1. Quick one: in the stretch 13-37, of everything that is more than 23 Å from Asp422 (Cβ to Cβ) and assigned to a loop (DSSP other than H, G, I, E, B), which residue is most open to solvent (accessible area, probe 1.4 Å)?
2. Taking into account only those residues within the stretch 1-12 that are in a helix (DSSP H, G or I) and hydroxyl-bearing (Ser, Thr, Tyr), which is most open to solvent (accessible area, probe 1.4 Å)?
3. If you go through the stretch 415-441, how many residues are modelled with pLDDT of 85 or more and either assigned to a helix (DSSP H, G or I) or over 19 Å from Gly29 (Cβ atoms) (or both)?
4. In the stretch 155-170, how many residues are part of a loop (DSSP other than H, G, I, E, B) and crowded, with 19+ Cβ neighbours inside 10 Å?
5. Counting only residues that are in a strand (DSSP E or B) and out of contact with any helix residue (DSSP H, G or I) (no Cβ under 7 Å at 6 or more places or on another chain), which one in the stretch 40-69 is nearest to Asp303 (Cα to Cα)?
6. Assess whether Leu96 counts as being open to solvent by 30 Å² or more (accessible area, probe 1.4 Å), in contact (Cβ under 8 Å) with a residue 12 or more places away in the chain, within 19 Å of Ala341 (Cβ to Cβ) and not in a loop (DSSP other than H, G, I, E, B).
7. Please work out which residue is least open to solvent (accessible area, probe 1.4 Å), limiting yourself to the stretch 187-211 and to residues that are in a loop (DSSP other than H, G, I, E, B) and closer than 19 Å to Pro16 by Cβ.
8. Between a residue in the stretch 30-44 that is closer than 18 Å to Leu11 by Cβ and any residue that is charged (D, E, K, R) and open to solvent by less than 30 Å² (accessible area, probe 1.4 Å), which pairs come within a Cβ distance under 9 Å, given they are 6 or more apart or on different chains?
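The values are calculated or read from the model by the stated rules, or taken from the named source; none is laboratory data. These numbers were taken from a predicted model, which means no experiment stands behind them. Every residue, glycine as well, gets a Cβ built from its backbone with ideal geometry; the counts of neighbours run over all protein chains shown. Only protein heavy atoms, including side chains, enter the accessible area calculation; ligands, DNA and RNA are left aside. Shrake-Rupley method; radii C 1.70, N 1.55, O 1.52, S 1.80 Å.
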Amino acid sequence: MKSVWQTTSSLPTFPPLEGDRKTEILVIGGGIAGLLCTHFLREAGADCLLLEANTICGGTTGHTTAKITAQHGLVYHRLLRQKGESAARQYLEANLAALSAYRSLAQTIDCDFEEQDSFVYSLTSRAALEQEAAALRRLGAAAEVVSPALPFPTAGAVRLPSQAQFHPLKFLSALAKPLPIREHTRVQALEPGLAHTNLGSVRAQKIIVATHFPFLNRHGSYFLKLYQQRSYVLALKGAPPISGMYVDEAQGGFSLRPYGDLLLLGGGGGRTGKPYGSWEQLSSFARRHFPQAEEASRFAAQDCVTLDGLPYIGPYSASTPWLFTATGFGKWGITTSMAAARLLTDFVQGRPNPYASLFSPSRSLFHPQLAANALEATANLLTPTVPRCPHMGCALKYNPEEHTWDCPCHGSRFAEDGRLLDNPANRPLSHPPKKKAAEPR
């Protein structure tokens, strides 16, 4: 289903690759991270080219709730405890710098950019909120615990003022128009200095993989370091106006933000390919708390999650100095994509960046989530059912909510006719199952 952004904007189109090309820097992936990388590289005078397998912004970027904020759940108290004050301060600074960059670009792009306060609320624990607000104040942010104006009871919320929201596709439509982009050009294999596509080869000194989930399995161990989550969104018309952007601190909670005369209600998700909530969960919540509202549209998004909750931005692996990536943004891909684009632009041009070590994809793998990811993959590899995911052979599970076949190992998704919907798989199902063979997840 199309998102509210897709039905209220139009994107430019670009031709496919025509034969072999040569460029200084190749960007793979036409979502917001890849487009921002290409924008900043072109702004710096670099010779660059972006390749997109389908059309730009057709994946997670077109289905986001489009909040621009440095407040990513109750993250700063955890960062102070686990990684120390320097890392926590760097994370805050990187995301505030991303917000500032959006604010600057939005001065010349009509994209419904609005200043909004950001709130993380809790239904149960005011103490956790007080800890988070204290951590933010220690880092220099003007955070406070307040009683939010929401139509359901809470224990309070951490308020971070002067954050923002916008229309992502209006923004990216204007940003993309002058960029060197080739659509319907799928990169199928990489080697040093060379990308092989379905339409020719591209020689490049440096290559950035901005494909949501990195697709090259031989390096970086991303198939162990990442998993994916689905989440659902309802656009409600006729709900009472809400000021600010809200997200529940609890896993499986709800998010809310206004857009014009609509209220965007998000949540109801879980790990791709596993049992979780649905649009009905959101509809039920809306009926209880916004009984006068009507559903205007519904859509869903998919997010990559890392072992420690921080994104991977930088060299793809220690053995591939010519290759870079940005992935694992969790549910905060809009803000983090800007931070990633600035960092990767510095990397490929040989400039130092103060956030390089914090976001390094080569940081320690030792984390409980690593074992959970490995066990999930092993269990599904040993499941003797079809269809199988062409990425690494895991057994697919049928998703009756969206009528798709989903991979619980790494998050690839396929339509009932076998079409590829979400990576890391890079080809469709060769023998799609008959619809009647569908079974619950």
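1. The qualifying residue most open to solvent (accessible area, probe 1.4 Å) is Glu18.
2. Step by step, filter the stretch 1-12, then rank; the result is Thr7.
3. Summing the residues that are modelled with pLDDT of 85 or more and either assigned to a helix (DSSP H, G or I) or over 19 Å from Gly29 (Cβ atoms) (or both) in the stretch 415-441 gives 5.
4. Residues meeting the conditions: 2.
5. Here the residue is Leu51.
6. yes
7. Within the stretch 187-211, the match that is least open to solvent (accessible area, probe 1.4 Å) is Ala210.
8. Gly30/Glu52; Gly30/Glu183; Gly31/Glu52; Gly34/Glu52
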